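The values are calculated or read from the model by the stated rules, or taken from the named source; none is laboratory data. The structure displayed is predicted, hence computed values, not measured ones. Here the Cβ positions follow ideal geometry from the backbone for every residue, glycine too, while neighbour counts run over all protein chains shown.
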Amino acid sequence: MRGRTCLVTGATSGIGKATAHALARKGASVVLVGRDPKRGEATVREIRTATANEDVELLGADLSSQVSIRELADHFLAEHDRLHVLVNCAGAFFRDRRVTIDGLEMTFALNHLAYFLLTTLLLDLLQGSAPARIVNVTSGAQSMGRIDFEDLESERGYQARLPTTNPSLPTCCSPTSWPAGSTPQG
Ligand SMILES: NC(=O)c1ccc[n+]([C@@H]2O[C@H](COP(=O)([O-])OP(=O)(O)OC[C@H]3O[C@@H](n4cnc5c(N)ncnc54)[C@H](OP(=O)(O)O)[C@@H]3O)[C@@H](O)[C@H]2O)c1
C-alpha cells in the first residue's frame with residue numbers, strides 16, 4: 001500500500017481503528033477521522049508507534065453533522081490530491097430516538113447518510129485516483145430488515161433494532177464496495 005492514500009472514518013475505535021492500523025502497517029498514508037481531538041491524537045500516536053509509519057494524521061469531524069462532513073471533505077481536498085481507499089466505518093447504535101443538528105434521525109443520519117454524503121463529496125478525487133476503492137462497513141443485521149420508505153426517519157415509532165431503524169439496510173442497498181473508477185452515477 002506504499003504510495004496509497006487512505007481515509008478511514010470511525011478510526012478511534014473498533015473496526016475502523018483496526019483497519020487504520022492494518023493500512024498503516026502496509027505502508028499506506030492514512031488519514032484518520034475522529035470527532036474527539038484527544039482520542040484522535042492518541043490514536044495517531046498509537047498507530048505511528050505500533051507500525052513505525054509516521055505518515056498517519058488526524059482530521060476532525062462530527063459525522064452526524066452535514067456541515068462538519070462538508071468541512072471534512074473540503075479540508076481533505078485542500079491537503080490531498082489523491083485518495084485511493086475510503087473506508088466509511090463510523091457508526092453507532094442508539095437505544096432511544098435522537099435527532100441531529102440537521103433535524104435528521106440520528107441512526108439514519110450517522111450510519112447511512114454520512115457515508116453517502118462523504119463519498120459523494122470525495123467521488124471525483126477517488127475516480128481521479130483509480131484504481132481506488134470505497135468500503136462501507138455495515139452489519140449482518142441487514143438481512144433482518146426492510147426499508148420503510150414512508151418513514152425513513154422513524155417518526156412513527158423508533159425501535160432501535162427493528163427494520164425501519166436498521167442502520168445497515170439502506171447502506172447495504174447502495175453499492176457497498178465500489179471500484180471507484182466504475183462507480184455508477186446518478
Ligand atoms: N462490532 C460489531 O459487532 C458490529 C456489528 C454490526 C455493525 N457494525 C458496524 O461497524 C462499524 C464499526 O463498528 P465498531 O464495532 O468498530 O464500533 P465502535 O468501536 O463503537 O466505533 C465506532 C466509531 O465511530 C465513531 N463515531 C461514532 N459517532 C460518530 C460521530 N458522530 N462522528 C464521528 N465519528 C463517530 C466513534 O468515535 P468515538 O471514538 O469518538 O466514539 C468510533 O471511532 C459501525 O458502523 C457499526 O454500525 C459493527
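A few remarks follow.
- The listed residues are 131, 184, and the only one of them that is at pLDDT below 70, out of contact with any His (no Cβ under 7 Å at 6 or more places or on another chain) and exposed (fewer than 15 other Cβ atoms within 10 Å of the Cβ) turns out to be 184.
- Scanning region 7-28 for residues that are crowded, with 22+ Cβ neighbours inside 10 Å and either farther than 19 Å from residue 134 by Cβ or more than 12 Å from the ligand (Cβ to nearest atom) (or both) gives 7, 12, 23, 24, 28.
- Only one entry of 82, 97 meets the criterion of being in contact (Cβ under 8 Å) with a residue 24 or more places away in the chain and out of contact with any Leu (no Cβ under 9 Å at 6 or more places or on another chain), and that entry is 97.
- Number of the condition not met by residue 107 [criteria: (1) crowded, with 16+ Cβ neighbours inside 10 Å; (2) of a type outside the set (A, V, I, L, M, F, W, C); (3) part of a helix (DSSP H, G or I); (4) at pLDDT 95 or above]: (4)
- Counting only residues that are in a loop (DSSP other than H, G, I, E, B) and touching a strand residue (DSSP E or B) at 6+ places or on another chain (Cβ under 8 Å), region 89-99 holds 4 of them.
Per-residue answers, yes or no, for (1) away from the ligand (no atom under 12 Å from the Cβ); (2) outside any helix (DSSP H, G or I); (3) acidic (Asp, Glu):
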position: 53; (1), (2), (3): yes, yes, no
position: 57; (1), (2), (3): yes, yes, yes
position: 64; (1), (2), (3): no, yes, no
position: 87; (1), (2), (3): no, yes, no
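- Restricting region 58-91 to residues that are surrounded by 14 or more Cβ atoms within 10 Å (Cβ to Cβ) and more than 25 Å from residue 106 (Cα to Cα), the residue that is farthest from the chain's Cα centre (by Cα): 80
For every residue, the table says whether it meets (1) within 12 Å of the ligand (Cβ to nearest atom); (2) within 14 Å of the chain's Cα centre (by Cα); (3) farther than 25 Å from residue 84 by Cα.
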site	(1), (2), (3)
108	no, yes, yes
120	no, yes, no
123	no, yes, no
128	no, no, no
133	no, yes, no
136	yes, yes, no
141	yes, no, yes
146	no, no, yes
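- Those residues of region 66-85 which are away from the ligand (no atom under 11 Å from the Cβ), of a type outside the set (Gly, Ala, Ser) and either farther than 19 Å from residue 126 by Cβ or in a helix (DSSP H, G or I) (or both), in sequence order: 66, 67, 70, 71, 74, 75, 76, 77, 79
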